[in-house]
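Have a look at the structure below, then the notes.
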């Protein structure tokens, strides 16, 4: 399979295109030296790290995600990290970010993961990097494999599948990250409580209809939006107001994908539009079934560039 070229300087949470670094620590948390701040959000800071006993010249090959101090008394924020730690330890899969260590019972709260080489799919798309159809299907298939493992082994929904949560290595290996929104289909998680920018662009229509309607099929819809964007370089729906964006996902039909990509095989377009079905029952019956379809299409489209 072809490699995925990344523009110089492209970076993402948990990943970097540059070699692992060895510098003096900027801080310490538990048994970990924090070498450099990689990114931060409203909830957490993400650091490049190495074991506490390591020398200054030892490579930093770990990532520590630290819950910001202002959230240490917030039960929901703490539960988010505890859930991510539980899933990351329970599911061992090459396309799902593992949790190697965690401190989630008392402050300071943090998760430890391996540092991934590469960059986010969102950055690849933002840089207008061309992905051949076989590579596009390959990346989607790897994410579907991660979802299949998550669904089957934990009965949990990822609930935040989108390009910024997919890390792609220069060799094309895809890893699904960020389990902060993961939950079971019986838990109430209304879409208006989501603070993450961009999530609503990928949210399934049943999720914005009822807080209890999310299922594994909702993750497939989000992957369908991601596939649509990878192929067309456009989101199926855009709006500035969250309520309007939610309405579009519930009620409107996206442009036919081949209008944006005329050379796209009809079978690929058909699958993407099935993933974007308003009715979850019209989507592939499971992530495992989707893996089978994507594998077949990869083979059929192998020679397309």
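One line per residue, one yes/no per condition, for (1) under 24 Å from residue 142 (Cα atoms); (2) at pLDDT below 95; (3) buried (at least 18 other Cβ atoms within 10 Å of the Cβ):
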site	(1), (2), (3)
31	no, no, no
89	yes, yes, no
98	yes, yes, no
109	no, no, yes
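Count of segment 282-299 residues, restricted to those that are without any contact (Cβ under 8 Å) to a residue 40 or more places away in the chain, assigned to a helix (DSSP H, G or I) and surrounded by fewer than 17 Cβ atoms within 10 Å (Cβ to Cβ), is 5. Residues considered: 204, 214. Of these, the only one that is crowded, with 22+ Cβ neighbours inside 10 Å and at pLDDT below 90 is 214.
Going through (1) over 19 Å from residue 100 (Cα atoms); (2) out of contact with any strand residue (DSSP E or B) (no Cβ under 8 Å at 6 or more places or on another chain) one by one, residue 25 falls short only on (2). Among all residue pairs at least 6 apart or on different chains, which show Cβ distances below 9 Å where the first residue, located in segment 18-33, is part of a loop (DSSP other than H, G, I, E, B) and the second is modelled with pLDDT under 75? So the pair list comes out as 18/9; 18/11. Checking the stated criteria, residue 216 turns out to be touching a strand residue (DSSP E or B) at 6+ places or on another chain (Cβ under 7 Å), touching a residue at least 24 places away in the same chain (Cβ under 8 Å), assigned by TED's automatic domain parsing to the domain that holds residue 183 and farther than 17 Å from residue 139 by Cβ. Of the residues that make up segment 259-268, is at least one part of a helix (DSSP H, G or I), crowded, with 16+ Cβ neighbours inside 10 Å and free of Cβ contacts under 8 Å to residues at least 24 places away in the same chain? Scanning segment 259-268, I find no residue that is part of a helix (DSSP H, G or I), crowded, with 16+ Cβ neighbours inside 10 Å and free of Cβ contacts under 8 Å to residues at least 24 places away in the same chain, so the answer is no. Whether a residue is within 17 Å of residue 217 (Cα to Cα) and loosely packed, with under 12 Cβ neighbours inside 10 Å was assessed, and residue 279 passes this test.
The values are calculated or read from the model by the stated rules, or taken from the named source; none is laboratory data. Nothing here was measured: the structure is a model prediction, and the numbers come from that model. Positions of Cβ are generated from backbone atoms using ideal geometry, with glycine treated the same way; all protein chains shown enter the neighbour counts.
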